[in-house]
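For reference, the structure is listed below as structure tokens.
Nothing in this text is a laboratory measurement; each read-out follows from the coordinates by a stated rule. Computed from a predicted structure; not experimentally measured. Using ideal geometry, Cβ is built from the backbone for each residue, glycine included, and neighbour counts are taken over all protein chains shown.
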Amino acid sequence: MSEIVIPVALSLILGPGAGQLYNREFKKGSYLIALSLVVLIGAFAWFRQAMLPYLPADLTTLDPAAVPSLVQNAVNHVVSSHSGVVFIYETMLSALWIYGVVDAYRVARRKQQDRRRASGH
């Protein structure tokens with residue numbers, strides 16, 4: 001049972017690719033990790049760029065206590081005015097995560113069944 005639980009838990013907790021690495025599917029795990037990083041970096045870069053119009057050009061001239069509320073205001077503007085793009089990034093990351101978990105489960109279960117057949121049980 002643990003040979004199924006561990007890769008699923010790794011995929012749930014650490015993200016796509018971790019369960020595949022545990023299942024010794026190094027190529028697939030590396031691809032999932034790389035793809036997840038590309039999507040995350042793309043999302044952060046896009047979000048940062050989308051926030052810039054709502055922020056002052058030079059945050060260093062502001063009172064440090066005011067910066068969190070300015071950033072929160074910018075985040076709220078971006079999320080409300082670009083909800084479609086935010087949804088697309090969320091959907092891509094969720095799909096990768098779900099795929100990673102389901103794939104880790106299926107491969108671990110198949111390997112467990114193969115070991116049982118090989119041992120004659």
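Relative contact order (percent) for segment 2-119, with alpha-carbon contacts under 8 angstrom and 6 or more residues of separation?
On the way: 101 pairs, mean separation 50.0, N = 118.
Averaging sequence separation for qualifying contacts and normalising by length gives 42 percent for segment 2-119.
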With log10 I(q)/I(0) by the Debye sum over Cα atoms at q = 0.14, 0.22 Å⁻¹ in mind, check [x] -0.45, -1.28; [y] -0.56, -1.24; [z] -0.71, -1.09 and report the label derived from this structure. [z]
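Counting other C-beta atoms within 10 Å, and keeping those with at most 13, which DSSP coil trypsin sites (Lys or Arg not before Pro) do you find in segment 22-121? Mind showing how you got there, number by number?
Working: sites: Arg24, Lys27, Lys28, Arg48, Arg106, Arg109, Arg110, Lys111, Arg115, Arg116, Arg117; in loops: Arg24.
In loop regions of segment 22-121 (DSSP not H, G, I, E or B), the sparsely surrounded trypsin sites (Lys or Arg not before Pro) are Arg24.
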With r as the distance between the Cβ atoms of Ile13 and Leu70 and R0 = 35 Å, compute the FRET efficiency 1/(1 + (r/R0)^6) and round to 0.05. 0.55
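Among all helices in the chain defined by DSSP H, which have a length of 27 Å or more along the axis from Cα atoms plus a Kyte-Doolittle mean of at least -0.5? Intermediate results must be reported in sequence, preceding the final value.
Details: long enough: 26-51 (37 Å, 1.14); 83-119 (53 Å, -0.21).
Once both thresholds are applied, what remains is 26-51, 83-119.
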Ranking request for peptides 54-63, 32-41: highest mean number of other beta-carbon atoms within 10 Å first, then the rest in descending order. 32-41, 54-63
For every helix of n ≥ 4 consecutive DSSP H residues, a contribution of -39,500 (n - 2.57) applies; sum these over the chain, divide by its total residues, and give [θ] at 222 nm rounded to the nearest 500 deg cm²/dmol. -27000 deg cm²/dmol
